[in-house]
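Peer 1: I have a structure I would like to understand better, so I am pasting it below and will then ask my questions one at a time.
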Amino acid sequence: MRCKSIYWLAFMLCFSAIGCDNTEDGSYVDPITIYEKVNGNWGLTNLKMVDEAAKANKIEPSEENLSIYFNYEDFKINFSVDEKNKPTSYQVTGNVPPLFAPKGYWELSSDFQPTNAGATKIYLYSDEQKTQKTDELRLISVPGKNEEMQLQLVRSSGGTPFVSYIFKLNAIN
């Protein structure tokens, strides 16, 4: 009789423990987009020019650090978003020779990091309606905990890249 009582007591405790599981999972939060990570002010830490033809043919040197030339240490770029984290405008500041339009509007090719090997692109536009594309930048390093980002601007002729510029940027608070 005593064994049955212990059995029933254990059985009831088990069901009461399962039935009382009121885990609070919190409320729904939208996933973090790349727009939220790119938004803000960025300062140049390094600008590298890559001769794509020399690199393809294994001719050295194929790269040149441009950071110290032409006032590029003054290069800053701001990517702005609205209150819904949708892209609005961008602007380059600093007394630097422009490699792409110094101001305009922008958007990403994808809101989230692609799962395939492709890179997210930043499309640059001259108009707010985003119908006149002026350039595109490849986002080759997405900002994260370290607040660094790398962008690549590729110049091509007849579909063949001949020079690219790699911008290494740090967030400016």
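Peer 1: Note the angle between two axes, namely the Cα long axis of helix 2-19 and the longest principal axis of the Cα atoms of the chain, as a number of degrees from 0 to 90, rounded to the nearest 10.
Peer 2: Long axis of 2-19 versus the principal axis of the chain: about 30 degrees.
Peer 1: Right, here's the next one. Let me have the relative contact order for the range 34-104, percent, based on Cα pairs under 8 Å that are six or more residues apart.
Peer 2: 30 percent
Peer 1: Still on this model: Any chance you could check the Cα centroid distance between the range 35-78 and the range 132-160 for me, in angstrom?
Peer 2: Between the Cα centre of the range 35-78 and that of the range 132-160, the gap is 10 Å.
Peer 1: Then there is this: Keeping all protein chains in place and using 1.4 angstrom, which order do 68, 122, 59 fall into by accessible surface area, from largest down?
Peer 2: Reading off the accessible areas and sorting them downward yields 68, 59, 122.
Peer 1: Using a 10 Å Cβ count of at most 11 others and DSSP loop calls, identify the longest part of the chain lacking such trypsin sites (Lys or Arg not before Pro).
Peer 2: In the chain, the maximal stretch lacking such sites is 85-144.
Peer 1: Take the solvent-accessible surface of the protein heavy atoms, probe 1.4 Å, and return the percent of it on the range 56-111 that carbon and sulfur atoms account for.
Peer 2: 50 percent
Peer 1: Here are labelled values, (1) 21.5, 58; (2) 25.9, 93; (3) 20.5, 73, and one is the computed Rg and Dmax of the Cα atoms in Å for what I pasted. Which one?
Peer 2: From the options (1) 21.5, 58; (2) 25.9, 93; (3) 20.5, 73, the structure gives (2).
Peer 1: Here is a further query. Taking 7 Å along the Cα-to-C-beta vector as the label spot, tell me the residue 160-residue 80 distance in nanometres, rounded to one decimal.
Peer 2: 4.2 nm
Peer 1: Using just the helices of the chain, give the 222 nm mean residue ellipticity in deg cm²/dmol: DSSP H runs with n ≥ 4 each add -39,500 (n - 2.57), and the total is spread over all residues, rounded to 500.
Peer 2: The helix contribution divided over the chain gives -4500 deg cm²/dmol.
Peer 1: For the chain, calculate the relative contact order in percent as a whole number, restricting contacts to Cα pairs under 8 Å that are 6 or more residues apart.
Peer 2: It comes to 22 percent, rounded to a whole number.
Peer 1: Add +1 for every Lys or Arg and -1 for every Asp or Glu among the other residues with Cβ under 12 Å from the Cβ of residue 125, and state the total.
Peer 2: So the environment of residue 125 carries a net charge of -2.
Peer 1: So, in the range 63-143, how many Lys pairs have Cα atoms under 19 Å apart, if the pair is 8 or more places apart or on different chains?
Peer 2: Pairs that pass both the separation and distance tests number 11.
Peer 1: How large is ³J(HN,Hα), in whole Hz, for each residue of the range 32-37 in order, when computed from phi with the Karplus curve 6.51 cos²θ - 1.76 cosθ + 1.60 and θ = phi - 60°, using x for Gly and Pro?
Peer 2: Per residue, the Karplus-derived 3J(HN,Hα) values read 6, 9, 5, 4, 5, 7 Hz.
Peer 1: Can you check what the net charge comes to around residue 162, using other residues whose Cβ is under 13 Å from the Cβ of residue 162 (Lys, Arg +1; Asp, Glu -1)?
Peer 2: Summing Lys/Arg as +1 and Asp/Glu as -1 gives 0.
Peer 1: Another one. Rolling a 1.4 angstrom probe over the protein heavy atoms, how many square angstrom per residue are accessible across the chain?
Peer 2: About 67 Å² of surface per residue is accessible.
Peer 1: Restricting attention to the range 104-169, which GluC sites (Glu not before Pro) occupy a DSSP loop and are surrounded by at most 14 other Cβ atoms within 10 Å?
Peer 2: 128, 147
The values are calculated or read from the model by the stated rules, or taken from the named source; none is laboratory data. The shown structure was predicted, so the numbers you read here are calculated from the model rather than taken from an experiment. Methodologically, a virtual Cβ is constructed for each residue, glycine included, from the backbone with ideal geometry; neighbour enumeration extends over all protein chains shown. What goes into the accessible areas is simple: the full protein's heavy atoms, side chains included, and nothing from ligands, DNA or RNA. Shrake-Rupley method; radii C 1.70, N 1.55, O 1.52, S 1.80 Å.
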